[in-house]
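Chemist: Here it is, the structure, as structure tokens.
Every read-out reported here was derived from the displayed coordinates using simple, explicitly stated rules and does not represent laboratory data. If you're wondering where the values come from, they're calculated on a predicted model, not measured in any experiment. Neighbour counts are summed over all protein chains in view; Cβ atoms, including those assigned to glycine, are modelled from backbone coordinates with ideal geometry.
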Amino acid sequence: MKIARLALLPLAVMLLSACNPLMRASWDTLKAATQGPQPLELTREQVEAAPYYQITIVAPTGEAVMALVRLQGGVQFWLASTQQVLMIQDGLAIRSVGFNDNLDGTRFVGESPFRTGLHRIADGLRAERQVDFAGRYQMGARLISHFEKQGLETVRILDRDLELLRVDEHIEMPELSYSARNQYWVDPADGFILASIQHVTPELPLRIIQVRPMRPNAK
């Protein structure tokens, strides 16, 4: 993917920010790094009033709603009015633009366990992917992960309690001497990731919640 492919997104930014005061206010919290994170209060009625699929994110600089503005080759482009972009494929954040630290590319070595579904993986599964951090001059850094299923947990999304399967991903990047734990809460029926905590970069942990997901029978 090239930055040039994002050229049409500023128009979507204007359209989105003009139509929903709640989104406009929540997106602005991403600019409040010097003031500390601002809590985001969101109701199902407010989510359903906007004509977009939506996620919420919690970043080190604040909380925000992002809207789906593009789907290309299975990659979802989620956009904030402040022009942050998060690209998600099969529930995994694979690239970010406009944050304080960015992931510039993701490539799996072999088949992606996210594509086959985390509800189907075996405990202890090992996977490897290559990640790019242009700002760190690190291209093709190895990211090694091990997955463990943790059983069903109750997760509240807006006004609904859902029984979701939690899967932990223990990640290690030897070239950066970095390790962390990602967590995913997936629908045990089809593996759809409804909530997650992902260390997109060592400086960009995100909590991502699908408040209006793009999936079959979604409202």
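Chemist: What is the set of long-range amide H partners of L162 at a cut-off below 5 Å, with H atoms built 1.01 Å from backbone N?
Modeler: V155, R156, I157
Chemist: Whole-Hz ³J(HN,Hα) for each residue in the stretch 111-121, computed from phi via Karplus 6.51 cos²θ - 1.76 cosθ + 1.60 with θ = phi - 60°, x for glycine and proline: what do you get?
Modeler: 6, 6, x, 6, 6, 6, x, 5, 6, 9, 6
Chemist: Each label point is 7 Å from the Cα along the Cα-to-Cβ direction; what then is the distance between the points at S179 and R115, in nm?
Modeler: Output for this residue pair reads 2.9 nm.
Chemist: Once phi is turned into θ = phi - 60°, what whole-Hz ³J(HN,Hα) does the Karplus curve with 6.51, -1.76 and 1.60 give for every residue of the stretch 130-146, x standing for Gly and Pro?
Modeler: Calculated HN-Hα couplings, in order: 9, 10, 10, 10, 4, x, 9, 6, 10, 10, x, 5, 6, 10, 9, 9, 10 Hz.
Chemist: Stokes-Einstein at 10 °C, 1.306 mPa s, Kirkwood radius from Cα pairs: D for the stretch 82-185 in µm² s⁻¹?
Modeler: On the way: Rh = 15.0 Å.
My calculation gives 106 µm²/s for D.
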